[in-house]
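Comments concern the structure below.
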Amino acid sequence: MRAWSPVIRAIVLYLASGVLFSGLDTIAKAMTGQYDPLQVTWGRYVFHAVFVGFLVPRYGLLRPFISARPGFQIYRAALLAGVTFLSFISVKFLPLAEVTAIGFATPLILTALAFFVLRERVGRRRWTAVALGFIGVAMIVRPGSGVVHWAAFVALAMAAGNAFFHLATRQLSAIDSPQTTMYYTGVVGAVILTLIVPTMWRTPDLIGWIGMMAMGFLGGGGHLLLIKAYQHTQASLLAPYTYIQIVWITILGLVVFDNFPDAWTIGGTALIIASGIYVFLREAHLRRVGRL
């Protein structure tokens, strides 16, 4: 990879993280069929912390935990634990592709947050794209159709939380090392969930432990690749590649669970993706001309 440009390297790292996260979600859906989503989330973070532990001898015991903004690191890690829990509830009841497609509303929510929270100027073109994207979400959720599942609204909450998480990740990538951010992600999540999980604990069998270990290692590896990708180039350049994850998720959902998205989900997903890509391209243009 030495001969590759930083942009190409970032894209490869970003795509690889998407593959790992797709595998994590697939295992999580299988696991939530036998265990409570909170316990599955616990296993994902405990073994993420174990994954991080393998890196301790390389970086030192305490140095990776020295952060310029430890409170912000804890906030990000706790936020991701909550987002993960919402995601696992969603995949327990809904097809993987549907949950992933609803999650694609994250960049649209970020655009809305830029206006309402950060007071950034958002023009009518981006508002139109956001509106069309949420029409795509409505096509997937189909409220009032008699077939909507409450877990679809949990997935929407997941997408909203994920917007805050990605914002925090981008901010921290310029402040702390990838190792520091990854260490906080695993350890904080594991500590918080360990305090809660005894209320619905069920001792896993061997397959259950293996599944939790796999989720932890896939999650830890995926986040390391994601953080490193953000260090090589701008997040706006990487964002459109997020949508390639729907390919991996659809294939895994079909092969593992015999689920294939229906016409409404496909149409809604296409509209969300088109809207999201337009928002990214429009923001990139505004940055080039100095209006963002």
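Read-outs: derived from the displayed coordinates by stated rules, not from any lab. This one's a predicted model, so the numbers in the text were calculated from it and none came from an experiment. Every residue, glycine among them, receives a Cβ derived from its backbone with ideal geometry; neighbour counts consider all protein chains shown.
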I'd like to know which of HIS232, GLY23, HIS149 lies farthest towards the positive end of the charge dipole of the chain, counting +1 on Cβ of Lys and Arg and -1 on Cβ of Asp and Glu. HIS232
So, relative contact order of the stretch 6-288 in percent, Cα under 8 Å, 6 or more apart, is 42
Dipole size in debye (nearest 20) for the chain around its Cα centre, Lys and Arg Cβ +1, Asp and Glu Cβ -1? 1160
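Of all the stretches in the chain, which is the longest one without any exposed loop site, taking trypsin sites (Lys or Arg not before Pro) in a DSSP loop (any state but H, G, I, E, B) with at most 13 other Cβ atoms within 10 Å?
No qualifying site falls inside 3-118, the longest such stretch.
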Rounded if a/c is under 1.5, else prolate if a/b beats b/c, else oblate: with a ≥ b ≥ c from the C-alpha gyration tensor eigenvalues square-rooted, which is the stretch 131-242? oblate
Identified option (computed Cα extents along the principal axes in Å; candidates (i) 75, 49, 30; (ii) 54, 48, 38; (iii) 50, 46, 38): (iii)
In terms of the Cα gyration tensor, with a ≥ b ≥ c the square roots of its eigenvalues, is the stretch 202-292 rounded because a/c is under 1.5, prolate because a/b exceeds b/c, or oblate? oblate
Treating the beta-carbon of each Lys and Arg as +1 and of each Asp and Glu as -1, no other charges, what is the dipole magnitude of the stretch 194-292 about its Cα centre, to the nearest 20 debye? 580
